[in-house]
1. Which residue pairs have Cβ atoms under 7 Å apart, sit 6 or more places apart or on different chains, and have a first residue in the stretch 806-819 that is under 15 Å from F595 (Cα atoms) and a second that is buried (at least 20 other Cβ atoms within 10 Å of the Cβ) and small (G, A, S)?
2. From (1) open to solvent by less than 20 Å² (accessible area, probe 1.4 Å); (2) outside the structural domain of A809 (by the TED database), pick out the condition that doesn't hold for F579.
3. Restrict the check to the stretch 739-749 and report whether at least one residue is in the same structural domain as I656 (by the TED database), among the basic types (K, R) and modelled with pLDDT of 80 or more.
4. Is it true that F438 is open to solvent by less than 80 Å² (accessible area, probe 1.4 Å), at pLDDT 80 or above, outside any helix (DSSP H, G or I) and farther than 23 Å from T322 by Cα?
5. Can you spot a residue in the stretch 301-314 that is modelled with pLDDT of 80 or more and assigned by the TED database to the domain that holds I478?
6. Among V603, V674, V661, which is the only one that is closer than 18 Å to K741 by Cβ, open to solvent by 20 Å² or more (accessible area, probe 1.4 Å) and not polar (S, T, N, Q)?
7. Across the stretch 516-545, which residue is farthest from the chain's Cα centre (by Cα) among those that are open to solvent by less than 50 Å² (accessible area, probe 1.4 Å) and within 21 Å of G212 (Cβ to Cβ)?
8. The conditions are (1) open to solvent by less than 70 Å² (accessible area, probe 1.4 Å); (2) within 14 Å of the chain's Cα centre (by Cα); (3) of a type in the set (D, E, K, R), and D584 fails exactly one of them. Which is it?
Amino acid sequence: MFIFMGVFFLLNITLLMANFIDPRCFWRINLDEITDEYLGLTCAFILAAVQTPTEKDYFNKTLNFLKTTTNHKYALALVFAMDEINRNPDLLPNMSLIIRYALGHCDGKTVTPTPYLFHKKKKSPIPNYFCNEESMCSFLISGPNWKVSLSFWKYLDSFLSPRIFQLTYGPFSSIFSDDEQYPYLYQMAPKDTSLALAMVSFIHYFNWNWIGLVIPDDDQGNQFLLELKKQSENKEICFAFVKMISVDDVSFPQNTEMYYNQIVMSSTNVIIIYGETYNFIDLIFRMWEPPILQRIWITTKQLNFPTRKKDISHGTFYGSLTFLPHHGEISGFKNFVQTWFHFRNTDLYLVMPEWKYFNYEDSASNCKILKNNSSDASFDWLMEQKFDMTFSESSHNIYNAVHAIAHALHEMNLQKADNQAIDNGKRASSHCLKVNSFLRRAYFTNPLGDKVFMNQRVIMQDEYDIIHFWNLSQHLGIKMKLGKFSPYLPHGRHSHLYVDMIELATGRRKMPSSVCSADCSPGFRRLWKEGMAACCFVCSPCPENEISNETNMDQCMNCPEYQYANTEQNKCIQKGVTFLSYEDPLGMALALMAFCFSAFTAVVLCVFVKHHDTPIVKANNRSLSYLLLMSLMFCFLCSFFFIGLPNRAICVLQQITFGIVFTVAVSTVLAKTVTVVLAFKVTDPGRRLRNFLVSGTPNYIIPICSLLQCVLCAIWLAVSPPFVDIDEHTLHGHIIIVCNKGSDTAFYCILGYLACLALGSFSLAFLAKNLPDTFNEAKFLTFSMLVFCSVWVTFLPVYHSTKGKHMVAVEIFSILASSAGILGCIFVPKIYIILMLPERNSTQKIREKSYF
């Protein structure tokens, strides 16, 4: 455990220190115009190892020949590596590396490959050892164009194989991957096994998902495309276009215009350029004057576009972001160049096209000053600064190629694979085959700290520096190291970026976006239409009561049972519990009405009891009037069961009390109606019906009818009793607690039974409405039942058209209205006579009225 923590601590310390010691800002001055004819030039060298030491001025003569050439930077790297090896007593002792020939454009004049001899034959100073240079193995270092390397190989394979080995320092090409077809050819450039992952990690860091891709139309381009798609699958990265450019397209001007329009005018802001398409892209931007190029170019090689005719500002061009294999920093290269070139004037040293960098502690600040100054002022300011030189990518490959040759020969000498002089070249082929075997297996760490594998079949997890290239002017270029990609970084974070350098390089706090569709904010979901790429979608609002609480969600989520979606539909809110309470204005109004009607009924009952001996009270059975008033009072009071937080007992009492109390009231009205009819229709003392009236038979109607209602209620409670229910859907954002009737059929049976009693009472009262007026209650009973039936007939459609607590309110209002109708129609006229016209409530007055 402690060992693991120690390793983790050291790794983080290493990464932290790297942020301070890595140079981040590089610059160079180029006074020569870069023209189209320079695109794709090559320079090659043939090296050999000899037993004779080199002359003191050997490298001086070599560099004096090469220092005026366009590609002399390659010669500088070559000679620097050779000098480093020749001076190293532990590597290839008693042998020296020499340049036998320079081929191609190395003299700045010659176009066709023409050899130049730099080393003359000498007698070996070592006794008993004969050295014939013509019989020794040679090493061709060619590049940077793979076509030229291929032409060299075809020539060498026909005449000199296997006595000469070819090492290419240009970009890796899949053409040379077959060891059987090219057994003596080695590519020093890495295979880019992690390049696709590095680019995808970088793109994903900035949340870009709409990318353009320009690749060569060959096997290497196809392989990179497959790898890039594989790494992009889980990152939701799509391609706005994929342009596969053939090397022959450069011959047709109409193709350049077509590609220019397709690439530059595309909807994406980020374009990846890979493989041998750089020269073609360079040519496109030199043939066509670019418009405002607000694009980010991700490359694996420095590009010199957009134009050489004018300076480029940050508002029109973002520069190029280049992924270069990570290398350790070179030490002593500046002193080597100054020594061999005999530079004394700083301005001459400045104009060398190699990249320079400032001292570590002043890198960022000096780079900022350089970007803010004009070209002339920058040149004067640079003459006063301290800086060092660095290698280009091709120079690094040349450096590694020279060291690979030295290590292969050194290992062969250590194992004494060939410890005798070769006699007149008879064993030259065998000797070179052994050299090839050691070269193929060569694995070493160069002086820069970089590991070099010559076996291309070994899969390396490469590290990359992320570089921002920028042309401040026609002659001044600048590049900044924005970060590093490494598959070995902890916590799965493959990219480590310097935020301060990104802002300094781009001039912006935030990188421009490159997306096909804007993000769908919370509250929306992504929908794809037919034919759309995975990154192109439309944002659709979430359905009702569903939410999306993250950006770019594909599906909205249902809120939990007791929660609901807010207006923005980006979060669920706890639903409020609601019911018809006394605090509710509607509940308060209904409760007040029920209380007032109950109180009024009690007052009427008290008045009737007080005036129980008056004719109007005694008429039509005084006991039935008392019973009716009491049942009406309970009808009003049962409304309170419907108000407040319900529970199981309350729910049962609501319906049972309502059904039984109303049955008693309506059956009492029926009994009074029967009494009226019997009182006026059965006037003959000899008739049997008179005995029913005298014996009080109508009074049995009440218990019989009530008993039948009790039976119906008992069945209801036994089969499906009322219970507390939760209504989550009626009112948005609220949970309504109501009493579920359990069985709607039972509830309507109760109402139907009441309707039958009311209709019976109404029918009998209607038949007796024309009887003598003095003691006739038939008209009042008729109107009371008419009001009762009208209320409950209206109740049915209104009840079914409402939801939640309003259903309860409708039921309460129907109870109050029907009860008030009976009370008002039957008892209010009598109360009016008792209290306001007492003279009419006397036997004498009644007799006078009957007489007349």
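1. If the second residue must be buried (at least 20 other Cβ atoms within 10 Å of the Cβ) and small (G, A, S), the pairs left are I812/S639; I815/S639; L816/A594; L816/S639.
2. Condition not satisfied by F579: (1).
3. Step one: list which residues in the stretch 739-749 are in the same structural domain as I656 (by the TED database), which gives 739-749.
Of the ones still in play, those that are also among the basic types (K, R) are 741.
After this cut, where a residue has to be modelled with pLDDT of 80 or more as well, the list is 741.
Yes; the residues of the stretch 739-749 include at least one that is in the same structural domain as I656 (by the TED database), among the basic types (K, R) and modelled with pLDDT of 80 or more.
4. Numbers: open to solvent by less than 80 Å² (accessible area, probe 1.4 Å): yes; at pLDDT 80 or above: yes; outside any helix (DSSP H, G or I): no; farther than 23 Å from T322 by Cα: yes.
The answer is no for F438.
5. no
6. Numbers: V603 fails: closer than 18 Å to K741 by Cβ; V674 fails: closer than 18 Å to K741 by Cβ.
Sole residue among the options that is closer than 18 Å to K741 by Cβ, open to solvent by 20 Å² or more (accessible area, probe 1.4 Å) and not polar (S, T, N, Q): V661.
7. Looking at residues that are open to solvent by less than 50 Å² (accessible area, probe 1.4 Å) and within 21 Å of G212 (Cβ to Cβ), I get A533.
8. (2) is the only condition that D584 fails.
The values are calculated or read from the model by the stated rules, or taken from the named source; none is laboratory data. All values derive from a computational prediction rather than experimental measurement. Methodologically, a virtual Cβ is constructed for each residue, glycine included, from the backbone with ideal geometry; neighbour enumeration extends over all protein chains shown. Accessible surface areas use protein heavy atoms only, side chains included; no ligands, DNA or RNA. Shrake-Rupley method; radii C 1.70, N 1.55, O 1.52, S 1.80 Å.
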